[in-house]
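The block underneath contains the structure these notes are about, expressed in structure tokens.
Read-outs: derived from the displayed coordinates by stated rules, not from any lab. Here the structure is a predicted model, which means the values were calculated and not measured. Because the Cβ atoms are built from the backbone with ideal geometry, glycine has one as well, and the counts that use them run over all protein chains shown.
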Amino acid sequence: MRIRWGVAAFAMLAATSCAGFPTGPDAEIVVRDVHFAPVDVTVPVGGTVRWTFDDGGVLHHVGSEGEFDSGITPDGSFEHTFTTPGVYEYHCSVHRYMTGTVTVTG
Ligand SMILES: [Cu+2]
């Protein structure tokens, strides 16, 4: 009996761990036509935002001072997980007028 309980406990732990795995971003922003779409997103604390660079090879970047920095890239994607509630302004350093906000709710 003791062994069976051990197996059951292990199985439950494994199931819980699997359920905790990320299944995808909580918000997605597409970078296209020299524009972020959508510009502003809201995620819960612990949420992940993914920026996908899909602008025909035009160089872009996404960053927020002291928070995250994708580096300048012509394609691919970048993700950041927000662990503190607040409003985070982000921008593209190549096109300074490309700005947006991520609101992280507690
Ligand atoms: Cu840009």
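So here's what we get for this one:
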item	result
Segment 24-105: antiparallel DSSP beta bridges as a percent of all, rounded to 5	65
Integer Hz, Karplus 6.51/-1.76/1.60 couplings in order for segment 63-79, x for Gly and Pro	x, 9, 2, x, 10, 7, 7, 7, x, 7, 8, x, 7, x, 8, 9, 10
Nonlocal amide H pairs with residue 94, under 5 Å, H built at 1.01 Å	61
Mean Cβ count within 10 Å, highest first, over the residues of peptides 70-77, 28-35, 46-53	46-53, 28-35, 70-77
Rg over Rh, two decimals, segment 24-96 (C-alpha only, Kirkwood Rh)	0.93
